[in-house]
Amino acid sequence: MAASASRITEAEIRRRLLIRQIWVFGGITLATCTANIFTALSNYARGGVHLAWWEPTLWEYSSGAMILALVPAIAWLYRRAPLSARTWRWAVPLHLAITPLFSLVHVGGMVLLRMLGYALMHAHYNFGAWWPDWFYEYRKDLVAYVLILGGLQAFRTYRLWLESQLAAPPVPVEAPRVNGEPLAEAAPLERLVVKKLNREFILNTADIDRIDADGNYVTIHAQGSTYPLRESMAALERKLDAKRFARVHRGHIVNLDRIREIQPWDSGDYRIVLTDGSFVNFSRRYRSRLPQLFN
């Protein structure tokens with residue numbers, strides 16, 4: 001009996017990444033802050049100083065809360081300046097330049113939270129001399145920023161692995177049989193009937209340059225003209241000759257004979273330039289099809 005394997009979707013990739021990032025960054029912050037609270041209580045007790053439990057709790061969790069609040073901003077910057085073999089020469093200086101701002105926002109927000117907490121406990125909080133104490137905090141924030149980047153890099157690797165599962169070819173399904181004999185596969189389409197301006201046109205598929213997704217329609221680009229067709233990209237892809245056409249993006253199918261060059265981008269994606277000078281994005285999701293394009 002034919003069996004089909006369930007395949008991961010882009011929405012599932014985003015959901016998995018978000019949940020795991022919350023667990024990892026939140027869990028590490030919670031564990032670190034809790035350990036630091038007991039360390040502070042122990043150190044003060046050894047010095048003969050009684051410290052109310054809420055004080056180190058407020059110190060640590062105000063710092064941890066600000067760090068977690070800044071992680072999405074760092075992730076946003078990292079998506080635009082990833083650390084890779086092609087980008088590190090400009091990405092590393094950029095991230096280093098951001099660390100003082102990261103530290104200032106972290107320390108400023110942390111101090112405000114502590115002042116609010118102390119006020120609720122009818123006490124006064126004194127951060128101390130701003131610049132010397134901030135420089136001390138900056139050294140710790142620099143380490144925290146590097147660790148956050150390391151976590152984001154690990155999640156980027158994990159995302160690429162998930163996308164490779166998305167891009168992997170589906171498990172072959174046994175062909176239907178009649179009287180024990182497999183049915184012959186349908187021949188690829190050689191012509192398409194499309195409508196434009198209340199007229200019908202017959203297009204040879206060999207004349208198609210590329211096909212773009214457009215909602216419930218697709219837009220066919222052929223010989224300098226465009227034609228709408230009410231059909232999904234997936235359905236049309238199955239009908240076309242796989243030796244001539246390739247899906248290079250969820251929104252693009254290209255005629256392999258029309259490819260002039262493939263240009264790498266810093267983000268890890270590619271851009272396909274066609275013979276007519278137009279271009280389409282070639283996403284990482286479909287990077288396993290590079291051999292098909294080159295061969």
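The values are calculated or read from the model by the stated rules, or taken from the named source; none is laboratory data. Just so it is clear, the model here is predicted, and its values are computed rather than measured. As a convention, Cβ positions derive from the backbone with ideal geometry for all residues, glycine included, and neighbour counts pool all protein chains shown.
Restricting the stretch 59-115 to residues that are under 19 Å from the mean Cα position of the chain (by Cα) and charged (D, E, K, R) leaves a set whose member that is surrounded by the most Cβ atoms within 10 Å (Cβ to Cβ) is ARG86. The residue pairs whose first member lies in the stretch 67-84 and is in contact (Cβ under 8 Å) with a residue 24 or more places away in the chain, whose second member is aromatic (Phe, Trp, Tyr) and part of a helix (DSSP H, G or I), and whose beta carbons are closer than 6 Å, counting only pairs six or more residues apart or on different chains, are VAL71/PHE25. Over 27 Å from the mean Cα position of the chain (by Cα), assigned to a strand (DSSP E or B) and modelled with pLDDT of 85 or more: which single residue out of ILE211, ILE202 fits that description? After applying the criteria, what remains is ILE202. Just one of (1) in contact with a strand residue (DSSP E or B) (Cβ under 8 Å, 6 or more places away or on another chain); (2) within 30 Å of ILE37 (Cβ to Cβ) fails for ARG86. It is (2). Return the residues of the stretch 86-131 that are in a helix (DSSP H, G or I) and among the charged types (D, E, K, R); say none if nothing qualifies. Matches in the stretch 86-131: ARG89, ARG114. Restricting attention to the stretch 239-262, the residues being assigned to a loop (DSSP other than H, G, I, E, B) and either of a type in the set (Lys, Arg) or within 22 Å of ALA187 (Cβ to Cβ) (or both) number 6. Tell me, please, whether a residue that is polar (S, T, N, Q), out of contact with any Pro (no Cβ under 6 Å at 6 or more places or on another chain) and at pLDDT below 85 can be found in the stretch 272-282. There is at least one residue in the stretch 272-282 that is polar (S, T, N, Q), out of contact with any Pro (no Cβ under 6 Å at 6 or more places or on another chain) and at pLDDT below 85. Taken over the stretch 254-286, the criterion of being buried (at least 17 other Cβ atoms within 10 Å of the Cβ), closer than 22 Å to LEU160 by Cα and of a type in the set (A, V, I, L, M, F, W, C) is satisfied by ILE272, VAL280, PHE282.
Considering only the stretch 224-236, I want to know if a residue exists there that is surrounded by 13 or more Cβ atoms within 10 Å (Cβ to Cβ), of a type in the set (Asp, Glu), modelled with pLDDT of 85 or more and assigned to a strand (DSSP E or B). Taking every residue of the stretch 224-236 in turn, none turns out to be surrounded by 13 or more Cβ atoms within 10 Å (Cβ to Cβ), of a type in the set (Asp, Glu), modelled with pLDDT of 85 or more and assigned to a strand (DSSP E or B).
How many residues does the stretch 20-47 hold that are under 37 Å from the mean Cα position of the chain (by Cα) and among the hydroxyl-bearing types (Ser, Thr, Tyr)?
So the answer is 3.
Against the conditions (1) surrounded by 12 or more Cβ atoms within 10 Å (Cβ to Cβ); (2) among the aromatic types (Phe, Trp, Tyr); (3) modelled with pLDDT under 90, PHE135 satisfies every one except (1).
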